[in-house]
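The structure appears right after this line, and notes come after that.
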Amino acid sequence: MTILGLDDTDSREHGMCTTYVAFQITEKLQDKSAKLMLIRLNPGVIHKTRGNASVALSTTCDPKTTFDIAVDVVNELAELSDPTTQPGLVVAPNTFKDVPESISEFSLNAIRSFHEKETAIDLLTENEYLYKSWNGGRGLIGALASLGAYNALDDWTYERITYRDQHLWGTIREVDSSSVLEVSNQFYPLVWDNFDKKEGYPVCVPRTPCPVLYGIRGENPEIVTSVANKIKSEPSIHSALFTTNQGTDAHIQPGKMGSIEEGKSYSIDGMVSSSPYTIEGGHVFFKLKDESNEILCSAFEPTKHFRNHVRNIDIGDKITVCGEVAQGTLKLEKFAIRELITTKTKNPICTICNDSMESSGQSQGYRCRKCGAKKSDKIQVPYPRKIHIGWYEVPPCARRHLAKPLIRGGFDSALHPER
Ligand code: ZN
């Protein structure tokens with residue numbers, strides 16, 4: 001068996017898609033048994049390609065033939081005129097299961113942390129893998145990481161990608177949104193994140209000039225294929241099935257506020273220490289603290305009505321937050337309410353006038369403005385809440401590729417899923 005890893009063949013400006021390049025390699029290999037994997041890497045990497053996707057494939061063709069054909073396809077299809085497109089190609093005489101542990105560790109780090117290209121080259125040399133790089137070859141990191149993901153992870157989902165005919169690339173896509181909505185409803189929750197119902201938006205149809213017409217995500221290969229085939233669209237002849245770490249939270253690691261690092265994604269427990277506030281542009285922020293530190297958490301405008309859930313939390317609530325730390329804030333992907341405060345302290349009420357008393361100054365107690373009656377302490381009043389115990393998440397239109405939709409299950413509390 002032979003396995004191949006590929007990364008960074010696309011360009012933000014000019015298009016292309018590494019999944020398409022890999023699919024074309026399988027076409028040229030003429031191996032119907034070839035299997036494709038789409039591996040999403042750390043979304044916090046600064047020099048990432050669109051969506052930070054790398055692709056791996058396994059084939060029964062021999063390593064040398066596979067390598068030569070892949071080099072030709074990359075030369076033909078990769079956006080090499082864009083200097084920021086830095087393809088990397090790796091071929092190994094292995095199955096995914098036989099990849100050494102050092103490469104599985106490398107993969108997990110590429111999904112949760114960072115790597116230098118030199119680390120990849122050291123591992124490639126040590127294992128005597130065939131490799132080639134273009135334009136500086138930063139893509140070697142993702143190409144190698146894609147080979148170790150199978151052993152590094154244990155939760156897998158599927159995406160069926162339908163490609164556009166080449167003469168249509170860059171033109172407006174013709175996909176019937178209502179057919180996407182209909183099949184998304186019919187097969188929910190076995191397929192997810194293909195249509196955002198509240199925003200009325202077909203999330204499965206990209207807006208970039210790439211070769212992808214649409215990609216259907218879900219729990220098993222048969223269902224995503226069946227759903228993809230039911231969508232009404234412009235004619236297309238090519239499609240491919242990918243096993244993927246999308247929708248698995250593979251990027252999230254448990255963290256403590258005192259030791260979090262920029263560009264990594266965490267799950268952190270804490271107590272809300274400032275009320276949520278909204279700034280110009282509609283972005284919502286609040287602070288969260290634990291015994292070690294305090295951090296700022298954010299829900300940006302594109303997360304839409306998720307921000308209303310965030311606005312409903314308050315000082316003293318105990319919550320778990322998940323997301324990437326960037327520019328000093330944790331960008332919320334989901335959060336869980338663990339404990340809600342149910343009372344609030346207020347100034348005492350005058351027993352005679354039934355009015356709220358005012359403070360007489362620090363440690364001076366409270367005084368009624370009308371009759372002058374005095375009381376020494378604040379009172380506790382019930383605080384009805386608009387949010388419940390359990391997990392809340394951003395809607396599909398704002399979901400990161402790696403973020404696990406709540407509807408997939410496996411969470412430790414009640415679920416409030418978005419669809
Ligand atoms: Zn009074």
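To the nearest ten degrees, helix 177-187 and the longest principal axis of the Cα atoms of the chain are 80 degrees apart.
Couplings 3J(HN,Hα) of region 342-358, computed from phi: 10, 10, 10, 8, 9, 4, x, 9, 5, 5, 8, 8, 6, 10, 5, 7, 10 Hz, in residue order, whole Hz [Karplus 6.51 cos²θ - 1.76 cosθ + 1.60, θ = phi - 60°; x for Gly and Pro]. Using the Cα coordinates of region 297-413, the gyration tensor eigenvalues translate into equivalent-ellipsoid semi-axes of 42, 15, 12 Å, sorted from longest to shortest.
Sorted on the mean count of surrounding Cβ atoms within 10 Å across their residues, most packed first, peptides 363-372, 99-108, 32-41 read 32-41, 99-108, 363-372. Residue separation of residue 279 and residue 412 scaled by 0.36 nm, minus their Cα-Cα distance, works out to 44.7 nm of gained length. With a cut-off of 16 Å on the backbone N, the residues of region 298-325 near the modelled label site 7 Å out from residue 262 along Cα-Cβ are 324-325. Simple point charges give the picture: +1 on the Cβ of Lys and Arg, -1 on the Cβ of Asp and Glu, and for the chain a dipole about the Cα centre of about 2380 debye. What whole-number distance in Å separates the alpha-carbon centres of region 128-178 and region 198-238? Region 128-178 and region 198-238 have Cα centres separated by 15 Å. Taking label positions 7 Å along the Cα-Cβ direction at both residue 363 and residue 305, the computed distance is 5.0 nm, reported to one decimal.
Subtracting the Cα-Cα distance of residue 269 and residue 294 from 0.36 nm times their residue separation leaves 7.9 nm of extension gain.
Treating the angle as unsigned and between 0 and 90°, give the value, to the nearest 10°, between the Cα long axis of helix 18-29 and the longest Cα principal axis of the chain. Result, in degrees: 20. When the Cα positions of 6, 94, 55 are compared along the charge dipole of region 2-152, 55 comes out farthest toward the positive end, with charges on each C-beta of Lys, Arg, Asp and Glu. Spatial offset of region 350-406 relative to region 264-317 amounts to 17 Å, using the alpha carbon center of each. Residues whose amide H comes within less than 5 Å of that of residue 233, counting only those at least five positions distant or on another chain, are 176 (H built at 1.01 Å from N in the peptide plane).
Looking at this model, which pairs from 97/132; 198/230; 35/404; 346/404; 264/318 are more than 30 angstrom apart at the alpha-carbon? 346/404, as the Cα separations exceed 30 Å there.
The orientation-averaged projected area of the convex hull spanned by the Cα atoms of the chain comes to 24.0 nm². In this structure, the amide hydrogen of residue 129, modeled 1.01 Å from its nitrogen in the peptide plane, lies closer than 5 angstrom to no residue at least 5 positions away or on a different chain. Residue separation of residue 155 and residue 318 scaled by 0.36 nm, minus their Cα-Cα distance, works out to 55.8 nm of gained length. Rounded to the nearest 0.05, the FRET efficiency derived from the C-beta distance between residue 385 and residue 179 at R0 = 41 Å is 0.55.
Legend: calculated FRET efficiency, residue 327 to residue 352, from the Cβ-Cβ distance at R0 = 60 Å, rounded to 0.05, equals 0.65. By how many degrees, between 0 and 90 and to the nearest 10, does the Cα long axis of helix 140-152 differ from the longest principal axis of the chain? On a 0 to 90 degree scale, this one is about 70.
Relative protection proxy for 340-347, 269-276, from highest mean packing down: 269-276, 340-347 (other beta-carbon atoms within 10 angstrom). Modelled spin labels at residue 341 and residue 14, positioned 7 Å past Cα toward Cβ, are 5.7 nm from each other.
No value in this document is a laboratory result; all are computed from the given coordinates. Please read these numbers as outputs of a predicted model, since none were measured by experiment. When we count neighbours, we look across all protein chains shown, and the Cβ atoms used for this are built from the backbone with ideal geometry, even at glycine.
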